[in-house]
Amino acid sequence: MEYSSQRTAWLTILTYVSIGLVIASAIMILAYARPEQVQGNAQKLFYIHLGTFFGSFVLFGAAVFAGIQYLRTRHNRWDDLGLASIEVGLIFSLVTIVSGAAWARPIWNTWWTWDPRLTTVAVMWLTYAAYLMLRAGIEDPDRRRRFAAVYGILAFSSVIFTVIIIRVRPDTIHPVAAGPTLSETDVTGAFDMTPRIVQTLLFSIFTYVLVSIIITWHRIRLENRAHQVQQRKVNLLMNT
Amino acid sequence: MPEPIIILAVKYTDYMLLGYGLAAVLIGGLIASIWWRYQLLRKDETLLEQLEQEGPAEAHSTSEHAPPQPGQASPGTSDRQPTTP
């Protein structure tokens with residue numbers, strides 16, 4: 001598949017824009033958003049924690065869309081989108097987990113605890129990691145793509161659990177950034193959202209969602225190129 | 001007007017740096033892996049161009065030394081099996 005120069009130009013422009021946004025986001029986090037009084041600079045992990053979570057949420061959602069489209073059309077490009085989205089989404093959700101652990105150590109006095117939210121996010125991550133392993137284990141290409149499409153759709157239920165768990169379980173200690181919660185226990189680590197914090201947070205979310213999409217776009221291109229090389233190898237073998 | 005950067009004087013800076021450092025390693029590693037796989041594909045393409053230019057007979061003898069297998073993709077890239085024409 002050859003790409004139009006216009007599309008490539010867009011990808012290049014957006015790549016540079018996302019680099020600029022990451023730099024601007026870092027400046028906002030370091031210099032614009034004031035350190036929180038109790039949590040100090042540990043609170044600043046919140047921006048990348050939430051930003052990468054939104055990024056992975058969008059990508060796992062894209063994998064659902066890709067799965068549905070593949071089952072409808074059986075076009076391989078949807079399989080490529082599903083694979084790229086999950087691969088990049090897995091790294092972004094890992095960033096969410098490690099940044100959360102780095103925040104939890106000073107605030108909760110532990111790197112990890114089996115809180116309902118942390119448990120569901122671990123299940124979510126393992127579910128998507130299993131996608132890559134199981135996919136690699138199926139040799140028949142059509143079966144593999146069909147399996148991947150269905151798995152990608154069903155796996156999204158783990159994302160939904162992760163999102164809603166802190167709103168329906170009363171025993172979680174994980175802070176809720178926005179919206180209602182039923183938590184009856186002490187939400188250790190909650191803080192007031194000042195306007196600067198909100199502005200920096202929204203900017204960071206936008207930045208990391210865009211970055212996740214651009215990396216996925218590059219990953220899809222890599223996959224397409226790999227298919228081309230593969231096809232050329234086959235053609236060469238057939239001609240010899 | 002942004003305030004002067006006073007972050008180093010604030011508590012838990014080490015945890016912030018740890019978190020952002022790990023994030024940079026993970027996302028940077030992902031980008032590096034895509035770039036590395038892309039470079040491998042470019043090498044494959046260069047080799048394929050040479051083999052295609054050599055022609056079928058020579059390509060056959062060359063392919064004994066560097067055989068491109070139908071089911072063998074460059075590491076970490078396509079897992080799609082080519083369809084037999």
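State which stretch of chain A is the longest one without any exposed chymotrypsin sites (Phe, Trp or Tyr not before Pro), exposure meaning a DSSP loop state and at most 14 other Cβ atoms within 10 Å.
Values: sites that count: A:TYR3, A:TRP111, A:TRP112, A:TRP114.
Between the exposed loop sites, the longest stretch runs A:115-240.
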Distance between modelled label sites at B:ARG42 and A:ARG143, nm, 7 Å Cα→Cβ extension | 3.8 nm
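Taking 0.36 nm per residue of separation and subtracting the Cα-Cα distance, what length does fully extending A:MET133 through A:ARG77 add? Could the numbers behind the result be given before it?
Working: separation 56, 0.36 × 56 = 20.16 nm, distance 2.03 nm.
Full extension from A:MET133 to A:ARG77 adds 18.1 nm.
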Helix A:195-239 vs. chain A, principal-axis angle (Cα, 0 to 90°, nearest 10) = 20 degrees
Under the Karplus relation with 6.51, -1.76 and 1.60 and θ = phi - 60°, whole-Hz ³J(HN,Hα) for segment A:43-53, x at Gly and Pro, equal 4, 5, 5, 4, 5, 6, 4, 6, x, 6, 5
Give the angle, between 0 and 90 degrees and rounded to the nearest 10, that separates the Cα long axis of helix A:116-136 from the longest principal axis of the Cα atoms of chain A.
-> 10 degrees
Would you list which lysines come within 18 Å of B:LYS43, measuring only between C-alpha atoms, while excluding same-chain residues fewer than 8 positions from it?
-> A:LYS233
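State which stretch of chain A is the longest one without any exposed GluC sites (Glu not before Pro), exposure meaning a DSSP loop state and at most 12 other Cβ atoms within 10 Å.
Working: sites that count: A:GLU2, A:GLU139, A:GLU184.
Result for the longest clean stretch: A:3-138.
Taking R0 as 30 Å, what FRET efficiency do you get between B:LEU17 and A:VAL150 from their Cβ-Cβ distance, rounded to the nearest 0.05? List each step's numbers first, then the result.
Values: r = 42 Å, r/R0 = 1.40.
So, using R0 = 30 Å, E works out to roughly 0.10.
Mind putting a number on the dipole of segment A:62-197 about its Cα centre? Charges go on the C-beta only, +1 for Lys and Arg and -1 for Asp and Glu, and I need it in Debye to the nearest 20.
On the way: 13 positive and 11 negative charges, 85 e Å.
The dipole of segment A:62-197 has a size of about 420 debye.
Expressed as a rounded percentage, what relative contact order does chain A have, with Cα pairs under 8 Å and six or more residues apart? Walk me through the intermediate numbers first.
Working: 277 pairs, mean separation 73.3, N = 240.
This gives 31 percent for chain A.
When the dipole is taken about the Cα centre of chain A, and only Lys, Arg (+1) and Asp, Glu (-1) are charged at their Cβ, what size is it in debye, to the nearest 20?
Numbers: 21 positive and 14 negative charges, 148 e Å.
Roughly 700 debye, rounded to the nearest 20.
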On the formula 1/(1 + (r/R0)^6), with r taken between the Cβ atoms of A:THR110 and A:VAL176 and R0 of 30 Å, the FRET efficiency rounded to 0.05 is 0.95
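Net charge within 15 Å of A:LEU90 by Cβ-Cβ distance, Lys/Arg positive one each and Asp/Glu negative one each, not counting A:LEU90 itself? Intermediate results must be reported in sequence, preceding the final value.
Numbers: positive: A:ARG135, A:ARG219; negative: A:GLU87.
Net local charge, A:LEU90 excluded: +1.
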Label points 7 Å out from Cα along the Cβ direction at A:ARG167 and A:PHE191: separation in nm?
-> 2.4 nm
Tilt, helix A:76-108 to longest principal axis of chain A (alpha-carbon atoms), in degrees rounded to tens, equals 20 degrees
Hey, rough spin-label estimate for A:ALA26 and A:SER4, points 7 angstrom out along Cα→Cβ, what's it come to in nanometres?
-> 3.5 nm
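Readers should treat all values here as calculations from the given coordinates under stated rules, not as data from a laboratory. Because the structure is a prediction, the values reported are computed rather than measured. For neighbour counting, all protein chains shown are included, and Cβ atoms are generated from backbone atoms with ideal geometry for every residue, glycine included.
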